[in-house]
Amino acid sequence: MSVRVDLPVGVRCAVALSYDLEMCAGYSPVLVNHGRIMPPLRDYTLGLCAAAEDFGVRLQFFYVGNGLEDADVGYLEQIVRRGHAIDNHTYNHVRLTMADTDLLRQELDLTNRRLEERLGVRSMVLRGPGGEPGGLTLMRHNQQAVLDSGFRWVSCHMDSSMGLYGPAHDAAAPSRLQAYAYASGLIELPIQGWMDRIFFDFHRCRDWDAQDAWRRTAGHQPTADGWTCPWTGAQALGDWIDYNLAALDHAYDHGLLWTPVWHPYTHYLHDPHNQALPALLAHARSKADPVLVCTVREAVGFLREA
């Protein structure tokens, strides 16, 4: 079923930028993903919030729920207090296409409970870990599990065509994978374009051995001042920024809602001085007509079943 996007009156286009907040398995010595965020990454995440606030923007985070077992969640409380959004990213970063539907339901329900207990947050939108090339189209029982856990909206269908057809195709990502409804009535807001970790750690990786050696010895540990990533070239960050500005231009030219997905940990490694977010927000502000940079929570309010 098709879904229409009704942007607010006077808005030329919208960007629903979100961050999946987690200790990524791809950077872990033991290949485990979790939400127990190391202190420097907590500080970096709060810095992202501050940069957004300088532009009058609030950010969307999707959080791996097992981190809510930590005694100290003060940084998450601060994020919520400052008006940013935190929603469900499952409890153990499990795929929404997992075969055990009952376990999926437990993952979602437990994270929902912990968000309410620890942060006073009632989750509205679910982000599926990893991204799924076909979304939940073939997973009717899992769609129902998501609905049963209180979600009307999910974001998990990813664009698997990135990097295959050239820069113009990549920049046009906001035109692909429009929002739609599954047969169950669950509404999908797809992930459009490059995810940062795929861009930096796969598409632009020039030394797989260096990446693996770093992961095994230094993953999930703070980086030293002046550290530079040994597996990407010096131009990777500039190219990442250029890609995102081009995608925003495409969304602006065509009056679209664009839903990119970033990760604080990936930017901590590849953008330690936080250049990408201010560059994107400044570019949005520079447009002649208004560009709304919003949370995914806000963006799903623009969706109407056609």
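Just so you know, all these numbers are worked out from the coordinates, no wet-lab data involved. In this text the structure is predicted, and so the values were computed from the model without any measurement. Neighbour counts are summed over all protein chains in view; Cβ atoms, including those assigned to glycine, are modelled from backbone coordinates with ideal geometry.
Given (1) assigned to a loop (DSSP other than H, G, I, E, B); (2) without any contact (Cβ under 8 Å) to a residue 24 or more places away in the chain; (3) more than 22 Å from the chain's Cα centre (by Cα), identify the lone condition not met by L177.
(3)
When the residues of segment 199-231 are filtered to those that are surrounded by 14 or more Cβ atoms within 10 Å (Cβ to Cβ) and in contact with an Asp or Glu (Cβ under 8 Å, 6 or more places away or on another chain), which remaining residue is nearest to H34 (Cα to Cα)?
The residue in question is Q211.
Scan segment 242-261 for residues that are hydroxyl-bearing (S, T, Y) and part of a helix (DSSP H, G or I) and jot them down.
Y243, Y252
Could you please find all residues in segment 111-124 being farther than 18 Å from F151 by Cβ and either without any contact (Cβ under 8 Å) to a residue 40 or more places away in the chain or of a type in the set (D, E, K, R) (or both)?
E117, R118
Of all the residues that make up segment 116-137, how many are in a loop (DSSP other than H, G, I, E, B), among the aliphatic types (A, V, I, L, M) and in contact with a Phe, Trp or Tyr (Cβ under 9 Å, 6 or more places away or on another chain)?
The number of residues fulfilling the criteria is 2.
Looking only at residues that are in contact with a strand residue (DSSP E or B) (Cβ under 9 Å, 6 or more places away or on another chain) and assigned to a loop (DSSP other than H, G, I, E, B) in segment 158-174, which one is surrounded by the most Cβ atoms within 10 Å (Cβ to Cβ)?
D159
Could you please let me know if S155 is buried (at least 16 other Cβ atoms within 10 Å of the Cβ), under 21 Å from the mean Cα position of the chain (by Cα) and of a type in the set (S, T, N, Q)?
Yes; evaluated as a whole, the condition is true for this residue.
Among the listed residues L256, L303, L281, which satisfies the condition of being buried (at least 17 other Cβ atoms within 10 Å of the Cβ), touching a Ser or Thr at 6+ places or on another chain (Cβ under 7 Å) and not charged (D, E, K, R)?
Step by step, each of L256, L303, L281 is checked, and only L256 is buried (at least 17 other Cβ atoms within 10 Å of the Cβ), touching a Ser or Thr at 6+ places or on another chain (Cβ under 7 Å) and not charged (D, E, K, R).
Here's the yes/no breakdown for (1) part of a helix (DSSP H, G or I); (2) of a type in the set (D, E, K, R); (3) touching a residue at least 24 places away in the same chain (Cβ under 8 Å):
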position	(1), (2), (3)
A213	yes, no, no
R216	yes, yes, yes
P222	no, no, yes
P230	no, no, no
W240	yes, no, yes
T266	yes, no, yes
H273	no, no, no
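Can you name the residue in segment 138-152 that is more than 21 Å from the chain's Cα centre (by Cα) and either part of a strand (DSSP E or B) or among the charged types (D, E, K, R) (or both) and, of all such residues, is farthest from G74 (Cα to Cα)?
Taking the candidates together, the pick is R140.
Output the residue which, of all residues in segment 42-94 that are under 28 Å from A14 (Cβ atoms) and in contact with a Pro (Cβ under 7 Å, 6 or more places away or on another chain), is surrounded by the fewest Cβ atoms within 10 Å (Cβ to Cβ).
Taking the candidates together, the pick is A51.
Looking for something touching a residue at least 60 places away in the same chain (Cβ under 8 Å), at negative phi, part of a loop (DSSP other than H, G, I, E, B) and among the hydrophobic types (A, V, I, L, M, F, W, C) - is there at least one such residue anywhere in segment 95-110?
Yes: segment 95-110 contains one or more residues that are touching a residue at least 60 places away in the same chain (Cβ under 8 Å), at negative phi, part of a loop (DSSP other than H, G, I, E, B) and among the hydrophobic types (A, V, I, L, M, F, W, C).
Of L189, L237, which residue is out of contact with any Pro (no Cβ under 7 Å at 6 or more places or on another chain), more than 20 Å from G130 (Cα to Cα) and surrounded by 16 or more Cβ atoms within 10 Å (Cβ to Cβ)?
L237
Quickly run through segment 1-20 and pick out the residues that are in contact with a Pro (Cβ under 6 Å, 6 or more places away or on another chain) and surrounded by 19 or more Cβ atoms within 10 Å (Cβ to Cβ).
Scanning segment 1-20 gives L17, Y19.
Residues in segment 192-210 that are basic (K, R) and over 19 Å from S18 (Cβ atoms): how many?
Number satisfying all stated conditions: 2.
For the structure I just gave you, tell me whether A282 is among the small types (G, A, S), out of contact with any helix residue (DSSP H, G or I) (no Cβ under 8 Å at 6 or more places or on another chain) and more than 30 Å from P8 (Cα to Cα).
When the stated conditions are applied, A282 does not pass them.
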